[in-house]
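> Handing you a structure now.
The values are calculated or read from the model by the stated rules, or taken from the named source; none is laboratory data. Please read these numbers as outputs of a predicted model, since none were measured by experiment. Cβ: placed from backbone, ideal geometry, glycine included. Neighbour counts: every protein chain shown.
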Amino acid sequence: MPVTASAPAKIILFGEHFVVFGEPAIVMAINRRAYAKATLRKDRRIHVAAPDLGLAGTFEKEKFKAEQGSPRKARKELEPVKLAAEKVLAKAKSNTGVTVNITSDIPAAAGLGSSAAVAAATAKAVSCLLHVPFSAEEIFNVTCEAECLVHGTSSGIDPAVATYGGVLLFKREEGFERLIANENIPLMVGNTCVTRCTGDLVTKVRQNKENFPTIIEPVIKAGGEIVTQAVETLQQGDLKRLGELMNLNHALLYAVGVSSEPIEKLVNTARKAGALGAKLTGAGGGGCIIALAERPKLRRVKKALDTAGGNTFYAEKTDEGVRIEK
Ligand code: PMV
């Protein structure tokens with residue numbers, strides 16, 4: 001019998017970029033998920049298919065044979081899934097292989113953590129298929145390794161949200177702490193559909209900091225202060241203040257150079273349509289924005305964002321990290 005597992009997408013509520021320089025960040029799992037369906041094979045191969053991306057191929061030790069899509073792209077995109085499956089097979093000391101079928105309702109390459117969700121779901125599905133105990137911590141570690149293949153290095157934000165779900169406070173040196181957040185955080189995600197490279201944007205901020213240390217360093221510190229205040233505000237459920245903090249956070253991200261015309265268009269559209277606050281989420285340069293609005297205004301904000309080309313969806317907090325699907 002095949003086993004299907006899923007894991008959630010993430011948004012960064014507060015603190016992206018400043019987190020790279022040691023300030024805290026708040027991340028939240030949302031109700032969009034990636035799914036991995038694992039089936040046992042009699043041979044020792046690992047077959048991975050991602051039909052939504054038009055990619056499929058089979059790994060046999062270090063060899064790879066593409067069955068759908070360009071061999072280079074297929075290998076690059078499917079290798080993290082293979083790594084997650086392989087780690088579990090190794091722990092199980094299994095003589096079999098697996099077929100892993102990936103589907104996802106998380107927009108890819110938009111800063112929403114889709115690759116981490118896929119890797120976490122794969123590790124969970126394969127471990128359950130093989131009846132090998134695999135703790136949340138092991139899933140987190142394997143997902144971090146898979147993310148290193150995708151992004152070079154991983155701060156661990158995406159693997160943690162995909163594994164544990166909920167709202168997490170992250171600090172580079174200290175790791176994660178679960179935050180108790182008010183249930184009702186009515187958010188919309190708007191996608192500029194502009195692709196960008198996280199590493200390039202991190203480099204841009206670093207260069208700005210080196211060129212203008214006395215200006216940019218206080219901005220980074222202020223970003224940390226926003227997170228500290230947002231932790232309290234989330235616990236109180238004060239949406240108006242949360243929106244103001246989002247606007248302040250966005251202004252700081254603009255100051256360090258990671259906003260863009262498409263982002264500004266969506267952020268301003270959301271605010272004009274009645275959002276309490278709006279900001280870019282993730283690395284910026286393109287990717288997604290988030291907008292907070294009181295429930296009665298959500299529909300209006302969504303419509304305005306869609307008209308502005310924002311490809312918008314409602315994002316609800318989910319406390320469920322990686323899980324088996326019934
Ligand atoms: O857009 P994403 O999910 O790649 O977000 C990157 C977040 C940064 O703070 C810019 C980088 C990091 O490693 O934390």
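> Name the residues in segment 202-238 that are among the basic types (Lys, Arg) and either touching an Asp or Glu at 6+ places or on another chain (Cβ under 6 Å) or within 13 Å of the ligand (Cβ to nearest atom) (or both), would you? So that I can check it myself, show each step before the final result.
Going through segment 202-238, the residues among the basic types (Lys, Arg) turn out to be 204, 206, 209, 221.
Residues satisfying the conditions are LYS204, ARG206.
> Looking only at segment 124-142, filter to residues that are surrounded by 24 or more Cβ atoms within 10 Å (Cβ to Cβ) and touching a residue at least 40 places away in the same chain (Cβ under 8 Å); which one of those is farthest from the chain's Cα centre (by Cα)?
At the first step, the residues of segment 124-142 found to be surrounded by 24 or more Cβ atoms within 10 Å (Cβ to Cβ) are 124-127, 129, 139, 142.
Now narrow it down to the ones that are touching a residue at least 40 places away in the same chain (Cβ under 8 Å): 124-126, 129, 139, 142.
Values: LYS124: 18, ALA125: 19, VAL126: 22, LEU129: 26, ILE139: 16, VAL142: 16 Å.
Looking at the filtered set, the residue picked out is LEU129.
> Checking GLU86 against (1) away from the ligand (no atom under 16 Å from the Cβ); (2) in a helix (DSSP H, G or I); (3) under 29 Å from ALA315 (Cα atoms), only one condition comes out false. Which one?
Just one mismatch for GLU86, condition (3).
> Kindly indicate the residue of segment 175-196 that is modelled with pLDDT of 90 or more and charged (D, E, K, R) and also farthest from ILE324 (Cα to Cα) among those meeting that condition.
Per the stated criteria, the residue is GLU177.
> Of the residues that make up segment 177-192, is at least one closer than 30 Å to LYS124 by Cβ, in a strand (DSSP E or B) and free of Cβ contacts under 8 Å to residues at least 40 places away in the same chain?
Scanning segment 177-192, I find at least one residue that is closer than 30 Å to LYS124 by Cβ, in a strand (DSSP E or B) and free of Cβ contacts under 8 Å to residues at least 40 places away in the same chain, so the answer is yes.
> While we're looking at this one, here's another question. Is one or more of the residues making up segment 108-117 touching a Leu at 6+ places or on another chain (Cβ under 6 Å) and either surrounded by fewer than 16 Cβ atoms within 10 Å (Cβ to Cβ) or not in a helix (DSSP H, G or I) (or both)?
Step one: list which residues in segment 108-117 are touching a Leu at 6+ places or on another chain (Cβ under 6 Å), which gives none.
Scanning segment 108-117, I find no residue that is touching a Leu at 6+ places or on another chain (Cβ under 6 Å) and either surrounded by fewer than 16 Cβ atoms within 10 Å (Cβ to Cβ) or not in a helix (DSSP H, G or I) (or both), so the answer is no.
> Mind checking which residues of segment 112-121 are over 13 Å from ARG323 (Cβ atoms) and either touching a strand residue (DSSP E or B) at 6+ places or on another chain (Cβ under 8 Å) or more than 11 Å from the ligand (Cβ to nearest atom) (or both)?
Narrowing segment 112-121 to residues over 13 Å from ARG323 (Cβ atoms): 112-116, 118-119.
Hits for segment 112-121 are LEU112, GLY113, SER114, ALA116, VAL118, ALA119.
> In segment 89-106, how many are within 16 Å of the ligand (Cβ to nearest atom) and in a strand (DSSP E or B)?
Step one: filter segment 89-106 for residues within 16 Å of the ligand (Cβ to nearest atom), giving 104, 106.
Filter once more, keeping what is in a strand (DSSP E or B): 104.
Within segment 89-106, residues that are within 16 Å of the ligand (Cβ to nearest atom) and in a strand (DSSP E or B) number 1.
> From the list GLU225, GLU244, which one is of a type in the set (Asp, Glu) and either more than 20 Å from ALA315 (Cα to Cα) or touching a residue at least 60 places away in the same chain (Cβ under 8 Å) (or both)?
Working: GLU244 fails: either more than 20 Å from ALA315 (Cα to Cα) or touching a residue at least 60 places away in the same chain (Cβ under 8 Å) (or both).
Answer to the selection: GLU225.
> Let me ask another. Of everything in segment 276-305, what is touching a residue at least 40 places away in the same chain (Cβ under 8 Å) and away from the ligand (no atom under 16 Å from the Cβ)? Give them in sequence order.
Within segment 276-305, ALA291, LEU292, ALA293, GLU294, ARG295, LEU298, VAL301, LYS302, LEU305 meet the criteria.
> Quick one: would you say ALA109 is within 14 Å of the ligand (Cβ to nearest atom) and either among the charged types (D, E, K, R) or at negative phi (or both)? Even if it seems obvious, please write down each step before you answer.
Numbers: within 14 Å of the ligand (Cβ to nearest atom): yes; either among the charged types (D, E, K, R) or at negative phi (or both): no.
Answer is no for this residue.
> While we're on this one: Looking at GLY156, GLY165, GLY199, which is the one that is away from the ligand (no atom under 13 Å from the Cβ) and of a type in the set (Gly, Ala, Ser)? Even if it seems obvious, please write down each step before you answer.
Working: GLY156 fails: away from the ligand (no atom under 13 Å from the Cβ); GLY199 fails: away from the ligand (no atom under 13 Å from the Cβ).
Just one listed residue meets the conditions, GLY165.
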